[in-house]
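The values are calculated or read from the model by the stated rules, or taken from the named source; none is laboratory data. From a predicted model like this one, the values you see are computed outputs, not experimental measurements. Every residue, glycine among them, receives a Cβ derived from its backbone with ideal geometry; neighbour counts consider all protein chains shown. Accessible surface areas use protein heavy atoms only, side chains included; no ligands, DNA or RNA. Shrake-Rupley method; radii C 1.70, N 1.55, O 1.52, S 1.80 Å.
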Amino acid sequence: MSNEVKNTFVFLLDQVPSDRKALIGGKALSLSRMMTELKVNVPGGYAISCEAFSNGAIRDEAKTEIVSLVASLDEDLTYAVRSSAINEDGAKASFAGQYETVTDVPKAGIMDAIGKVIASVGSATVKEYEGSFSQEDLGIGVVIQKFVKPEFAGVVFTSDPITGADDQLVGSYVHGEGEQLVSGNANAKEFRIGAIKYSYEGPSEFVKYSKKLGKYCLAIRRNYGVPMDIEWAVSNRKVYILQARPITTLQRIDTATYEVNGSKSNKQLLTRTNVGEIFMKPVSPMTFSVLEKINEMLGMPDWLNNIYGQEYMNVSVIASALVAYGKTVDEAYDLTKELTGYIPEGVVKPISPFDKKAFRKTVWRLIFPKEKSKLSRKEKHQMVKDLSELCDQHIEKIKTIETSKELGAYWDDVLQPALNDGLASIMTESGMQLVPLFGTRKKLAKVSDDEMANRLLGGCVGVVESMKPMLLLEDVLAGKMSKEEYVKICGHRAINEMELMEPHPYEDPSFPDNAIEELRESGTNLHAMLKLQEEAFSEALSEFKSSYPSKAKWVDKKIEKYRNANAFREEIRSKGVRIFCVFREYIRRAGALNDIGDDIFFLMYKEMFALLKGDRSVIKLIPERKKTYERYLTYPPFPNLIIGRFDPDEWVKDPNRRTDYFVADLDRSAEEGESDVKGFPGAAGVVTGRAKVILSIDDIDKIEKGDILVTTATNIGWTLAFPKVSAIVTDIGAPLSHAAIVAREFGIPAVVGCGNATTVLKTGDLITVDGAHGKVTVIKE
């Protein structure tokens, strides 16, 4: 039987029409996907849609097609007849083993087998299962496949279902049919297959099939993008995949409710260093969806990860990529140290399989997109230079658009091509410019020592973008710059500037006057502080050249490259914020045109585009997501570093919880009694004073002159307070973080990335901050 005559109810598994896929059930849909998108061995067969059945019987309208199907089957073969319910093998519930399956069925028994399968929808076990998972009966389809008589049959989990670790595939098998494994009628044999190099641990009889099975399972995992539970068989020395479904206990996100916990999907090393400075509170569903798109564009799955709305960087993805390209695990994590922060001693650093081929394709598409930029190299350079003005022009145009249709067309015809050109231009400009940020400190320290390296890099950067909001404000106060010019240059920079739901300063007419008043009250002279730090840098450079005269030209080149890399990094960040301003204005306009206002930020970006096309059904998602987001706002910042599965609700209940790191199943008995705080050297200098613990920028006015600021993290919104403090200590951060860069430029001693500073230190504690060595000592009085 073929699909040459257009069928309504019966389809070849590899030829299901797109408009019928929603009706064939979870199992059939998964089999069809694997047969059409992957090179894995799946037994051929047919899908019968759920519309063919009603109340446990075949509907009259479907009998002709089903009888015709059965008549076309081979008398010499036997078949497996399986259920394919609409809600079976899904992300929320698998329904594994709940419905009837009939195997090794001859052609003459197919109709009876179909009857048994569809009748099982009303069984007591299915009804109880539906109730346990708040599922309802949405209909059942049927799969009929060629039966493969197995020598071995079993199950593979692409991630450990308990720990989430995905460096090994965890499996078990029996001799004969897999039903024995499910029912417990036979003792299973266990095995593991390495997900990196296909190493094998298990019975020797199965070793010759392990690599092929491993390749199939990893291909399925990559295609679905989530940990998978895979049933398989070996028959006549060939490996077959019988079905595949998500491991429901390792679900990362429920998009309907915005329940998200990225630590559940696999074992990862997550850090808030750097990203915690950008996203200082939970991100909205809209922002989350844009960050997910960035992951996809970069070919780095879950690189930006999320737990209860709080953003994390998944260091494991970067390290796994480096390992795939030849680095050892320790070398890979060491290369990320300046970006990622402190990793506890003795912790097993997770590594996951990394698809180099897919990554190369993604990077190629990013550099040479299908909708290729037609700009010349010179035009790309000019576009990066003019990006701020171009963004302002788009914002003004967006504000004038009066219909959803026109707004959708503006994205398709103008903004999307402009974004492609912008990304291509930034990639062209970037080149190797950021490379000096990684390793320069180490190279300088190798010639001299860590302290000299910190002194040299401390004041060499000059005025970068993140410092302009402070320094240019003094120019406004001195009459050297108008308020309008200041707003044009700095009005996009804010505390939560990458959160699309958050207003930017330029939207508030009173912004420049308020900022000027704050600066006037502080009585500080930022230019003078910067000059002192520049003098300190000149002194350090002179000492270095005096001690190592043969390295004079070498050090000048290293510092120049480091300075340029910092400036470029900050400039791109600033211009990236301007692009986000355009997105924000576009999203707000979509909300206004559809009468939902800022509630639109509780949609995801694809849903927003659906709304612009007239699909108002997406609006029903908003109330539940809003409730979830409001709950997320009640949680304190989670640990700076997380390894393994993390349950925020259990962590909050723990009176002895740590904010520096959380490692699943780690013995913490040795941690008791710690009093000193350690972190990364942020900015050189030694200061003794009173700690002022500030957890929110809303309390920034509590900082008094001379305080040592102790906080979770800082970003550009905090820097107006910097001139008041004598030193800075943060939980989150690394030598290239915002707090470190700006503190160095103003000569404020800083220790960053301590992890537990806000927990160990209390307001009023007398402490000594040693910025050059990354140490904070509590002085007992």
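For segment 280-320, just say rounded, prolate or oblate: build the C-alpha gyration tensor, square-root its eigenvalues into a ≥ b ≥ c, call rounded for a/c under 1.5, and beyond that prolate if a/b exceeds b/c, oblate if not. The shape class here is oblate. Taking the charge dipole of the chain about its Cα centre, with +1 at Lys and Arg Cβ atoms and -1 at Asp and Glu Cβ atoms, the residue from Gly682, Tyr308, Ser547 reaching farthest to the positive side is Ser547. A crude spin-label estimate for the pair Met297 and Ala445, with each label 7 Å from Cα along the Cβ direction, gives 3.4 nm.
FRET efficiency for the pair Arg365 and Glu37, taken as 1/(1 + (r/R0)^6) with r the Cβ-Cβ distance and R0 = 22 Å, rounds to 0.80.
The Rg/Rh ratio for the chain is 1.02, where Rg is the radius of gyration of the alpha carbons and Rh is the Kirkwood radius. Given a Förster radius of 51 Å and the C-beta distance between Glu517 and Arg657 as r, what FRET efficiency does 1/(1 + (r/R0)^6) yield to the nearest 0.05? The pair Glu517/Arg657 has a calculated efficiency of 0.80.
Pairs of alpha-carbon atoms within less than 8 angstrom and 6+ residues apart define the contacts here; what relative contact order does segment 568-647 have, in percent?
18
Would you mind telling me the share, in percent, of accessible area of the chain contributed by carbon and sulfur at probe 1.4 angstrom?
Accessible surface attributable to carbon and sulfur in the chain totals 52 percent.
Projecting label points 7 angstrom from Cα along Cα→Cβ for Ala567 and Arg690 puts them 4.2 nm apart.
Given their separation in residues at 0.36 nm each and the Cα-Cα distance between them, Glu379 and Lys545 gain 55.7 nm when the chain is fully extended.
Pairs from the list Lys626/Lys678; Lys327/Lys443; Lys116/Lys238; Lys208/Lys349 with a Cα-Cα gap above 28 Å: Lys626/Lys678; Lys116/Lys238; Lys208/Lys349. If R0 is taken as 30 Å, the Cβ-Cβ distance between Val435 and Ala664 corresponds to a FRET efficiency of 0.30. By how many nm would the segment from Thr64 to Asp598 grow when fully extended, if each residue of separation counts as 0.36 nm and the alpha-carbon distance is taken off? Extra length from Thr64 to Asp598 when fully extended: 186.9 nm. With equal scatterers on the alpha carbons only and no solvent term, can you work out the Debye log10 of I(q)/I(0) for segment 475-576 at 0.11, 0.20, 0.23 1/Å? Each listed q corresponds, in turn, to -0.56, -1.12, -1.25.
I want to check the label-to-label distance for Asp334 and Ala409. Put each point 7 Å from Cα in the C-beta direction and report it in nm to one decimal. Between Asp334 and Ala409, the simple spin-label model gives 6.0 nm.
Each Lys and Arg Cβ is given +1 and each Asp and Glu Cβ -1; about its Cα centre, the chain then shows a dipole of about 2480 debye. Straight-line cross-link partners of Lys374 among the aspartates and glutamates, defined as a Cα under 16 Å from its Cα and at least 8 positions apart when in the same chain: Asp413, Asp421, Glu429. Helical runs (DSSP H, four residues minimum) scored at -39500 (n - 2.57) apiece and divided by the length of the chain put the mean residue ellipticity at 222 nm at -12000 deg cm²/dmol. Heavy-atom accessible surface of segment 425-550, averaged per residue, reaches 49 Å², computed with a 1.4 Å probe.
One chain, two ends: Arg237 and Lys357. Fully extended at 0.36 nm per residue, the span grows by 40.4 nm beyond their Cα-Cα distance.
Shown in residue order for segment 72-81 are the 3J(HN,Hα) couplings computed by the Karplus curve 6.51 cos²θ - 1.76 cosθ + 1.60 at θ = phi - 60°: 7, 6, 7, 4, 8, 10, 10, 9, 9, 10 Hz (x for Gly and Pro).
Compared with the dominant principal axis of the Cα atoms in the chain, helix 356-367 is inclined by about 60°. When the trypsin sites (Lys or Arg not before Pro) in segment 546-632 are filtered for DSSP coil states and for at most 13 other beta-carbon atoms within 10 Å of their beta-carbon, the remaining sites are Lys613.
Taking the C-alpha atoms only, the angle from helix 552-593 to the longest principal axis of the chain is near 60 degrees. Considering only Ile196, Leu633, Thr249, and ranking their Cα positions along the charge dipole of the chain that arises from unit charges at the beta-carbon of Lys, Arg, Asp and Glu, the one farthest toward the positive end is Ile196.
Each of Tyr333, Val170, Trp411 was scored by the projection of its Cα onto the charge dipole of the chain, and the greatest displacement toward the positive side belongs to Tyr333; charges sit on the C-beta of Lys, Arg, Asp and Glu.
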